[in-house]
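Student: Before anything else, here's the structure in question.
The values are calculated or read from the model by the stated rules, or taken from the named source; none is laboratory data. Just so it is clear, the model here is predicted, and its values are computed rather than measured. FYI the Cβ positions are ideal-geometry reconstructions off the backbone, even for glycines, and counts take in every protein chain you see. Surface areas here come from the heavy atoms of the whole protein model, side chains and all, with no ligands, DNA or RNA. Shrake-Rupley method; radii C 1.70, N 1.55, O 1.52, S 1.80 Å.
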Amino acid sequence: MSITFKATRREQQGSSASRRLRRAGQLPGIIYGGGKDATPIVMNHNDLFHLLKKEAFHSTLLTAEVDGLKETVVLRDTQWHPYKMQALHIDFQRIDAEQALHIKVPLHFINGEISPAVKLGGCLIAQVMTELDVKCLPKDLPEYIAVDLANLEAGQSLHVSHLKLPEGVELGHHTDTDPVVVSAQQSRLDAAADAAAEEAAGSEPAA
């Protein structure tokens, strides 16, 4: 997916200037990295607000068109108003095609409806993780990583080590732990019913 957004170079800086921009419906931001000086920019808030609702905007390569010049960037940070649906500032990082990047990629859970845990066990699928920190060259950056639940049994969990990463993609941070990504949990009502049945069976008088 290709996403392009437009911006202009921001000449006036400082908190007062940023407040004026926000009141005018603009969003201040910055583009940094890539061996170049940081570039303060300003964008239309509504345009960026709608883009921020798209999952891909947070995890794919973006094209920033600043005063007609295009650069490849990734979203790095967004500061939000504490209680308004308003972005206050946004950060982008330039991308070097030859340099590996660390970025969080969303997880897409598939085949949950046909997994034995759901079809036979009546379990609830608990998504413990929704994104994964990966390392790869820009050309290998996946839009998402699929988590296949087709063979998930009742009471089982899938860990990070069970995920099939695309070619050229590796885990961003290596640790000694193997975090749970998703688990199949029995619903509370079913668990309570099973517990009640076991208790009733245990209280029956012996023949």
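The rows are residues; the columns are (1) open to solvent by 50 Å² or more (accessible area, probe 1.4 Å); (2) small (Gly, Ala, Ser); (3) not in a loop (DSSP other than H, G, I, E, B).
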site: ILE30; (1), (2), (3): no, no, yes
site: ALA38; (1), (2), (3): yes, yes, yes
site: VAL42; (1), (2), (3): no, no, yes
site: HIS50; (1), (2), (3): yes, no, yes
site: ALA56; (1), (2), (3): no, yes, yes
site: THR60; (1), (2), (3): no, no, no
site: ALA64; (1), (2), (3): no, yes, yes
site: THR72; (1), (2), (3): yes, no, yes
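Student: A follow-up question, please. Considering only residues that are among the charged types (D, E, K, R) and assigned to a helix (DSSP H, G or I), look in region 136-174 and name the one that is farthest from ALA126 (Cα to Cα).
Tutor: LYS139
Student: Additional query: Which residue out of ASP148, ASP178 is within 21 Å of LYS104 (Cβ to Cβ) and at pLDDT 95 or above? Outline the logic, then answer.
Tutor: Values: ASP178 fails: at pLDDT 95 or above.
That would be ASP148, the only listed residue that is within 21 Å of LYS104 (Cβ to Cβ) and at pLDDT 95 or above.
Student: Between residues in region 64-89 that are of a type in the set (S, T, N, Q) and residues that are open to solvent by 40 Å² or more (accessible area, probe 1.4 Å) and not in a strand (DSSP E or B), which pairs lie under 7 Å by C-beta distance while being six or more apart or on different chains?
Tutor: Qualifying pairs under 7 Å: THR72/LEU61.
Student: May I pose another question? Considering only residues that are in a strand (DSSP E or B) and open to solvent by 60 Å² or more (accessible area, probe 1.4 Å), look in region 111-130 and name the one that is modelled with the lowest pLDDT.
Tutor: Filtering region 111-130 down to residues in a strand (DSSP E or B) leaves 123-127.
With open to solvent by 60 Å² or more (accessible area, probe 1.4 Å) added as a condition, the list becomes 124, 127.
Details: LEU124: 91, GLN127: 94.
Top of the filtered list is LEU124.
Student: Would you confirm whether any residue within region 4-27 is within 23 Å of GLU143 (Cβ to Cβ) and loosely packed, with under 15 Cβ neighbours inside 10 Å?
Tutor: Looking for residues that are within 23 Å of GLU143 (Cβ to Cβ) and loosely packed, with under 15 Cβ neighbours inside 10 Å, one finds at least one in region 4-27, hence yes.
Student: Let me ask something additional. Any idea which of (1) modelled with pLDDT of 95 or more; (2) among the acidic types (Asp, Glu); (3) out of contact with any Gly (no Cβ under 7 Å at 6 or more places or on another chain) is the one GLU143 doesn't satisfy?
Tutor: For GLU143, the exception is condition (1).
Student: Return yes or no: is GLU71 closer than 24 Å to GLY155 by Cα and in contact with a Lys or Arg (Cβ under 9 Å, 6 or more places away or on another chain)?
Tutor: Working: closer than 24 Å to GLY155 by Cα: no; in contact with a Lys or Arg (Cβ under 9 Å, 6 or more places away or on another chain): yes.
No: the conditions fail for GLU71.
Student: Could I ask something else about it? Can you tell me which of LYS6, LYS53, LYS36 is touching a Lys or Arg at 6+ places or on another chain (Cβ under 7 Å) and basic (Lys, Arg)? Outline the logic, then answer.
Tutor: Values: LYS6 fails: touching a Lys or Arg at 6+ places or on another chain (Cβ under 7 Å); LYS53 fails: touching a Lys or Arg at 6+ places or on another chain (Cβ under 7 Å).
Step by step, each of LYS6, LYS53, LYS36 is checked, and only LYS36 is touching a Lys or Arg at 6+ places or on another chain (Cβ under 7 Å) and basic (Lys, Arg).
Student: Any residue at all in region 158-173 that's touching a Leu at 6+ places or on another chain (Cβ under 6 Å) and modelled with pLDDT under 95?
Tutor: Pass one, region 158-173, residues touching a Leu at 6+ places or on another chain (Cβ under 6 Å): none.
No, the conditions are met nowhere in region 158-173.
Student: Does at least one position in region 91-110 carry a residue that is over 23 Å from VAL181 (Cβ atoms) and of a type in the set (S, T, N, Q)?
Tutor: Among the residues of region 91-110, at least one is over 23 Å from VAL181 (Cβ atoms) and of a type in the set (S, T, N, Q), which makes the answer yes.
Student: Among the residues of region 91-110, count how many are of a type outside the set (A, V, I, L, M, F, W, C), over 17 Å from the mean Cα position of the chain (by Cα) and at pLDDT below 95.
Tutor: 3
Student: Closer than 17 Å to ILE95 by Cβ and of a type in the set (A, V, I, L, M, F, W, C): is that true of VAL42 in this structure? Lay out the reasoning, then the answer.
Tutor: Values: closer than 17 Å to ILE95 by Cβ: no; of a type in the set (A, V, I, L, M, F, W, C): yes.
Criteria not met by VAL42.
Student: Kindly establish whether LEU88 is crowded, with 16+ Cβ neighbours inside 10 Å, more than 19 Å from the chain's Cα centre (by Cα) and under 26 Å from ALA38 (Cβ atoms). Steps first, please.
Tutor: Details: crowded, with 16+ Cβ neighbours inside 10 Å: yes; more than 19 Å from the chain's Cα centre (by Cα): yes; under 26 Å from ALA38 (Cβ atoms): yes.
Yes.
Student: Say whether the condition of being without any contact (Cβ under 8 Å) to a residue 12 or more places away in the chain and of a type outside the set (A, V, I, L, M) is met by at least one residue in region 133-143.
Tutor: Filtering region 133-143 down to residues without any contact (Cβ under 8 Å) to a residue 12 or more places away in the chain leaves none.
Looking through region 133-143, none of the residues is without any contact (Cβ under 8 Å) to a residue 12 or more places away in the chain and of a type outside the set (A, V, I, L, M).
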